[in-house]
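Novice: Provided herewith is a single structure, encoded as structure tokens, for subsequent inquiry.
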Amino acid sequence: QQQVKQSPQSLIVQKGGISIINCAYENTAFDYFPWYQQFPGKGPALLIAIRPDVSEKKEGRFTISFNKSAKQFSLHIMDSQPGDSATYFCAASNQGGSEKLVFGKGTKLTVNP
Amino acid sequence: DGGITQSPKYLFRKEGQNVTLSCEQNLNHDAMYWYRQDPGQGLRLIYYSQIVNDFQKGDIAEGYSVSREKKESFPLTVTSAQKNPTAFYLCASTIPPGIEAFFGQGTRLTVV
């Protein structure tokens with residue numbers, strides 16, 4: 001059972017464009033939604049995270065939008081750069097520890113110069 | 001610097017051999033995880049441990065074993081029962097369980 005569904009599987013964007021990756025979840029116990037960035041041959045690293053008490057969180061060019069009623073959240077990368085080319089994973093968990101951290105299947109982003 | 005150290009970075013195994021992947025953390029985190037990563041498959045959970053001397057199977061535990069004798073160490077053994085062990089293995093830790101995960105740099109295992 002896939003608890004977090006991520007799309008698209010791959011994404012190609014031109015430099016300066018907007019990259020959008022979407023995730024959906026079913027478990028209403030989830031209350032922490034991070035995004036991880038992974039470069040080839042490296043471990044993933046936390047990029048940005050959101051809790052359901054806010055609908056949007058922005059850090060630099062990266063923004064998470066959260067829709068609690070639809071149980072969906074998305075990552076927007078503004079002014080995408082070739083250095084943003086990586087695999088992005090959404091995830092979900094419960095801060096109380098009753099639900100372990102679960103990941104989406106990942107999106108491979110390529111930003112063309 | 002605090003972090004998670006996985007070793008070795010590359011590992012080659014002959015068919016029929018068991019091999020152990022090391023994962024050490026100095027973050028004082030309670031929970032530790034092992035994931036397997038294959039192209040297009042995302043991160044699949046093998047085993048996780050929330051406290052010392054306790055661990056639970058993840059989604060793909062068959063052919064793997066773990067131990068958690070110390071808080072800072074969570075080694076993974078890939079046994080000969082794992083039919084397709086060639087993959088990239090990632091170790092992670094969190095405190096408390098479910099909050100930000102810190103990952104190691106991974107071990108790439110190849111069966112030759």
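Novice: For the range B:15-24, just list the computed ³J(HN,Hα) in residue order, Karplus coefficients 6.51, -1.76 and 1.60, θ = phi - 60°, integers in Hz, with x standing in for Gly and Pro.
Specialist: Those phi angles translate into 4, x, 9, 8, 9, 10, 9, 9, 9, 10 Hz.
Novice: Can you spot the lysines whose alpha carbon is less than 20 Å from B:LYS70's alpha carbon? Ignore those fewer than 8 places along the same chain.
Specialist: Those lysines meeting the cut-off are B:LYS57.
Novice: Return the long-range amide H neighbours of B:GLY3 (sequence gap of 5 or more, or a different chain), with a cut-off of under 5 Å between placed amide H atoms.
Specialist: Result for B:GLY3 returns B:ASN26, B:LEU27.
Novice: Let me ask something else. Calculate one ³J(HN,Hα) per residue across the range A:63-69 by plugging θ = phi - 60° into the Karplus curve 6.51 cos²θ - 1.76 cosθ + 1.60, and present them in order as whole Hz with x for glycine and proline.
Specialist: 9, 9, 10, 10, 10, 5, 5
Novice: Moving to a separate point now. Once label points are set 7 Å from the Cα along Cα→Cβ at both B:LYS14 and B:SER67, what is their separation, rounded to one decimal in nm?
Specialist: 2.4
Novice: Under 5 Å between amide hydrogens, which residues at least 5 positions from B:GLY106 or on another chain qualify, with H placed 1.01 Å from N in the peptide plane?
Specialist: Amide H neighbours of B:GLY106, under 5 Å, 5+ apart: B:GLN6, B:CYS91.
Novice: Let me ask you something else. Below 8 Å between Cα atoms, with a sequence gap of 6+, how large is the relative contact order for chain A in percent?
Specialist: 37 percent.
Novice: If you average the sequence gap of Cα pairs under 8 Å that are 6 or more apart and divide by the length of the range B:10-83, what percent do you get for the contact order?
Specialist: 34
Novice: Let me ask you something else. Grab the beta carbon distance between B:ILE51 and B:THR5, set R0 = 22 Å, and tell me the FRET efficiency rounded to 0.05.
Specialist: 0.60
Novice: DSSP loop (so not H, G, I, E, B), at most 13 other Cβ within 10 Å: list which GluC sites (Glu not before Pro) in the range A:11-113 pass both filters.
Specialist: For GluC sites (Glu not before Pro) across the range A:11-113 that sit outside H, G, I, E and B with at most 13 neighbouring Cβ atoms in 10 Å, the list reads A:GLU26.
Novice: Now a separate question. In whole Hz, with x marking every Gly and Pro, tabulate ³J(HN,Hα) for the range B:68-78 from phi via Karplus 6.51 cos²θ - 1.76 cosθ + 1.60, θ = phi - 60°.
Specialist: Taking θ as phi minus 60°, the curve returns 9, 7, 10, 4, 8, 10, 8, x, 10, 9, 9 Hz for the range B:68-78.
Novice: Most fluctuating residue of B:PHE12, B:PHE74, B:PHE88 in a GNM of chain B with Cα springs under 10 Å: which is it?
Specialist: Result for chain B, Cα springs under 10 Å: B:PHE12 fluctuates most.
Novice: Further, regarding this structure: How big is the charge dipole of the protein assembly as shown about its Cα centre, in debye rounded to the nearest 20, if each Lys and Arg gets +1 on its Cβ and each Asp and Glu gets -1 on its Cβ?
Specialist: 520
Novice: I'd like the carbon and sulfur percentage of the solvent accessible area for chain A, probe radius 1.4 Å, heavy atoms only, ligands and nucleic acids excluded.
Specialist: Using a 1.4 Å probe with all protein chains present, chain A comes out at 48 percent carbon and sulfur.
Novice: So how do A:PHE30, A:PHE39 rank on accessible area, 1.4 Å probe, biggest first, that is with the largest at the start?
Specialist: Correct descending sequence by accessible area is A:PHE39, A:PHE30.
Novice: Still on this structure, please answer the following. Quick one: if you take sqrt(5λ) for each eigenvalue of the C-alpha gyration tensor of the protein assembly as shown, what semi-axes come out, biggest first, whole angstrom?
Specialist: On the way: eigenvalues 174, 85, 47 Å².
Rounded to whole Å, the semi-axes are 30, 21, 15.
Novice: Could you tell me which residue out of B:GLN82, B:PHE55, B:TRP34 lies farthest along the dipole of the range B:1-89 toward its positive end? Charges go on the beta carbon: Lys and Arg +1, Asp and Glu -1, centred on the Cα centre.
Specialist: B:GLN82
Novice: Which distance in Å, rounded to a whole number, links the C-alpha centroids of the range A:29-63 and the range B:1-71?
Specialist: Using only Cα atoms to place each centre, the spacing works out to 23 Å.
Novice: Continuing with this model, one more query. Springs between alpha-carbon pairs under 10 angstrom, Gaussian network model over chain A: which of A:GLY83, A:GLY16, A:GLY60 fluctuates most?
Specialist: It is A:GLY60.
Novice: May I pose another question? If amide hydrogens are placed 1.01 Å from N in the peptide plane, which non-local residues have theirs closer than 5 Å to the one on B:ALA61?
Specialist: The answer is none.
Novice: Across peptide A:34-43, how many C-beta atoms of other chains are within 10 Å of each residue C-beta, on average?
Specialist: Shielding by partners across A:34-43 averages 4.
The values are calculated or read from the model by the stated rules, or taken from the named source; none is laboratory data. Keep in mind the model is a prediction, meaning the values are calculated, not measured. Glycine gets a Cβ as well: all are built from the backbone with ideal geometry, and neighbour counts include every protein chain shown. In case anyone asks, the SASA skips ligands and DNA or RNA and just uses the protein heavy atoms, side chains included. Shrake-Rupley method; radii C 1.70, N 1.55, O 1.52, S 1.80 Å.
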